[in-house]
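The values are calculated or read from the model by the stated rules, or taken from the named source; none is laboratory data. For clarity, every value in this text was computed on a predicted model and none was experimentally measured. Positions of Cβ are generated from backbone atoms using ideal geometry, with glycine treated the same way; all protein chains shown enter the neighbour counts.
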Amino acid sequence: MLADIGLGLTRAQALAAPKIFQLNHRIGQREVVKLLVLILRAFVDSLRVKEKPDAADLITLADDLARTYTHDSVKDIILALKEARTGGHNFYQALDVSTLYKLIADYFEQKACFLENRHLDQKANGASTQAADVKLLGDAAPRMLEHVAQQIPADHPNAEGLRQKLTITNQKARRGLITPEQAAQQRAEARAATQRKARPDWKASPEAQQQIDKRHRQENRKIMERYRSPNL
């Protein structure tokens, strides 16, 4: 499925495609999330790895993508996955949601640089400013993000989750979805979260682990029922 949709897909086509917020108005946010879930599932199924995200993880990721990249297109996400698939990325027999999100976030970082450089080229050539696709992006926010990310210890029990939150903050700030004050507050919360004490000696008892697993299965079923098409 993903190979068929992404066949011949280019950045220019992805840029010209309807944006996610437009699709939300046309077909509804629920349908957009379902579409993203199908795309993510097709990508995950195309990889020969032992450990893969489950249905609940993909639904959560699809919902995050639909809320974060409202002014980008579904074809952008397809292209991001296609480039990750054909770009020689090594998943080391495992794929989790944080890795999947980073692949997509990296694509949008590259897209932002591409659009900014194109804007500068057009401006230098005297092209109309109305033809520009993005405003010049300052480098203060990315530097702050990088500085905070570097402060997260590699052995922190929630290091990957904190980095993912910082990436989301960066993407929302660059697209004007949150104010600079809100971005600064979220980065401050990330710094505070790095002070959490790790508990490597903690482990659930067999009985408690069974209850945890049972609760996770119940939550997965509820989420799948929520996003299941009425005619299935």
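Structure notes:
- Condition broken by residue 89, with the remaining ones in (1) within 18 Å of the chain's Cα centre (by Cα); (2) in contact (Cβ under 8 Å) with a residue 24 or more places away in the chain satisfied: (2)
- Pair list, Cβ < 7 Å and 6+ apart or interchain, from the range 202-222 residues that are outside the structural domain of residue 61 (by TED's automatic domain parsing) and closer than 19 Å to residue 59 by Cβ to residues that are modelled with pLDDT of 70 or more and assigned to a loop (DSSP other than H, G, I, E, B): 220/54
- Where residue 84 falls short, out of the listed (1) farther than 21 Å from residue 18 by Cβ; (2) surrounded by fewer than 18 Cβ atoms within 10 Å (Cβ to Cβ): (2)
- Residue in the range 163-178 that is buried (at least 17 other Cβ atoms within 10 Å of the Cβ), at pLDDT 70 or above and assigned by TED's automatic domain parsing to the domain that holds residue 47 present: no
- Residues in the range 177-192 that are within 11 Å of residue 68 (Cα to Cα) and without any contact (Cβ under 8 Å) to a residue 24 or more places away in the chain: 178 only.
- If only residues of the range 94-140 that are among the polar types (S, T, N, Q) and modelled with pLDDT under 80 are counted, the one that is farthest from residue 15 (Cα to Cα) is 125.
- Per the listing 62, 66, the residue uniquely in contact with a Lys or Arg (Cβ under 9 Å, 6 or more places away or on another chain) and outside the structural domain of residue 163 (by TED's automatic domain parsing) is 62.
- Cβ-Cβ under 6 Å pairs, at least 6 apart or on other chains, the range 99-114 side of a type in the set (Phe, Trp, Tyr), far side buried (at least 19 other Cβ atoms within 10 Å of the Cβ): 107/80
- Hey, residue 34 more than 15 Å from the chain's Cα centre (by Cα) and modelled with pLDDT of 90 or more or not: yes
- Taken as a whole, the condition of being surrounded by fewer than 18 Cβ atoms within 10 Å (Cβ to Cβ), at pLDDT 90 or above and either at positive phi or not in a helix (DSSP H, G or I) (or both) applies to residue 71.
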